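The values are calculated or read from the model by the stated rules, or taken from the named source; none is laboratory data. Everything numeric in this text was worked out from a predicted model, so none of it was measured. Cβ: placed from backbone, ideal geometry, glycine included. Neighbour counts: every protein chain shown.
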């Protein structure tokens with residue numbers, strides 16, 4: 001069964017704008033991760049946030065986690081053409097396996 | 001420091017044949033995950049293994065599919081008697097301690 005669900009499924013924005021993607025999940029987690037996938041390639045880890053953390057930054061990425069609402073958001077600031085990719089959240093539920101959502105397809109327009 | 005290596009990159013099989021997908025984890029990683037992905041979709045969990053142990057195979061069909069991660073050598077995902085519906089990209093990922101995953105480039109399986 002799918003644990004995380006990203007929203008929106010697809011997002012197109014102008015270069016330079018900020019992109020926000022959301023992820024909702026169902027069960028209690030140890031941590032939540034965000035990954036990026038370029039077309040036809042393997043996923044690349046972006047950032048991990050633990051269940052006792054509320055916000056984390058890495059370069060142009062900002063991740064928030066609200067465990068009371070079972071949701072997370074990924075913000076990419078000052079988007080670039082190279083940010084065009086699919087973005088997935090992944091949750092590490094208490095049973096150890098890591099489950100991915102269906103992803104948000106982000107397209108940065110020149 | 002080689003990353004996660006998957007081979008073959010592309011695999012073509014006829015219906016009824018066997019498919020063997022290999023995954024060599026990063027050095028020092030003892031956890032391996034296998035995922036399946038259809039075009040424009042997310043990754044579907046299949047199986048989670050540690051050395052010589054299957055930890056969770058709840059995402060893997062009970063028939064025709066098997067996985068192993070022996071003490072020596074790569075992890076193998078084996079699909080017997082393939083059908084057209086098995087066509088997909090299969091990704092392997094490894095980790096050191098159940099957290100950050102490092103992914104291979106995937107094997108694209110095409111069943112004719």
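A few points about this structure:
- Within the range A:88-110, being within 10 Å of the chain's Cα centre (by Cα) and either more than 11 Å from chain B (Cβ to nearest Cβ) or outside any strand (DSSP E or B) (or both) holds for A:101, A:103.
- The listed residue being over 25 Å from residue A:9 (Cβ atoms) and modelled with pLDDT of 95 or more, out of B:91, B:103, B:69: B:69
- Restricting attention to the range B:61-88, the residues that are more than 17 Å from residue B:32 (Cβ to Cβ) and either surrounded by 19 or more Cβ atoms within 10 Å (Cβ to Cβ) or within 10 Å of the chain's Cα centre (by Cα) (or both) total 3.
- Checking each residue of the range A:40-55 against the condition of being more than 20 Å from residue B:43 (Cβ to Cβ), within 14 Å of another protein chain (Cβ to nearest Cβ) and at pLDDT below 95 gives at least one match.
- Among the residues of the range A:31-87, those identified as closer than 14 Å to residue A:18 by Cα and in a loop (DSSP other than H, G, I, E, B) are A:59, A:60, A:77, A:78, A:79, A:80, A:84.
- Just one residue in the set B:61, B:25, B:39 is away from every other protein chain (no Cβ under 12 Å) and within 17 Å of residue B:85 (Cβ to Cβ); that residue is B:61.
- Residue in the range A:61-81 that is over 16 Å from residue B:35 (Cα atoms) and within 12 Å of chain B (Cβ to nearest Cβ) present: no
- Matching option when the condition is touching a residue at least 24 places away in the same chain (Cβ under 8 Å) and surrounded by fewer than 16 Cβ atoms within 10 Å (Cβ to Cβ), among A:74, A:109: A:109
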